[in-house]
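Trainee: Handing you this structure, nothing more for now.
The values are calculated or read from the model by the stated rules, or taken from the named source; none is laboratory data. Remember, it's a predicted structure, so these values are computed and weren't measured experimentally. Glycine also receives a Cβ, built like all others from the backbone with ideal geometry; neighbour counts cover every protein chain displayed. Surface accessibility is based on the protein's heavy atoms, side chains included, excluding ligands, DNA and RNA. Shrake-Rupley method; radii C 1.70, N 1.55, O 1.52, S 1.80 Å.
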Amino acid sequence: MIIFLYGRDFYRLKQNLDKIITEYRSKNSGMNLLTLYPEEIGKKAFSEQTQNFLKTIGFFKEKKMLVIRDSFV
């Protein structure tokens with residue numbers, strides 16, 4: 001599932017993102033979460049970290065959530 005949160009009201013964006021993460025964590029107790037800021041780490045590092053996160057098979061944690069922050073800024 002892909003969810004895009006965008007707009008100029010950063011406070012409400014943060015609230016909605018926190019709400020989504022909290023609800024997802026309550027439904028999936030064993031969850032891997034990775035938050036990336038592509039502008040801060042660079043394209044190559046972003047690509048490598050994303051691929052490593054998605055390819056890695058967790059021993060106990062089955063669900064994964066990748067949050068990409070400020071990707072269109």
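Trainee: Can we say residue 4 is part of a loop (DSSP other than H, G, I, E, B), modelled with pLDDT of 80 or more and either of a type in the set (Gly, Ala, Ser) or under 14 Å from the mean Cα position of the chain (by Cα) (or both)?
Mentor: yes
Trainee: Restricting segment 9-59 to residues that are closer than 14 Å to residue 71 by Cβ and part of a loop (DSSP other than H, G, I, E, B), which is most open to solvent (accessible area, probe 1.4 Å)?
Mentor: By that ranking, first place goes to 37.
Trainee: Sticking with this one: In segment 25-47, what residues are of a type outside the set (S, T, N, Q) and under 14 Å from the mean Cα position of the chain (by Cα)?
Mentor: 25, 31, 33, 34, 36, 37, 38, 46
Trainee: I would also like to ask the following. Out of (1) of a type in the set (A, V, I, L, M, F, W, C); (2) open to solvent by 70 Å² or more (accessible area, probe 1.4 Å); (3) in contact with a Gly (Cβ under 7 Å, 6 or more places away or on another chain), the odd one out for residue 4 is which?
Mentor: Status for residue 4: all satisfied but (3).
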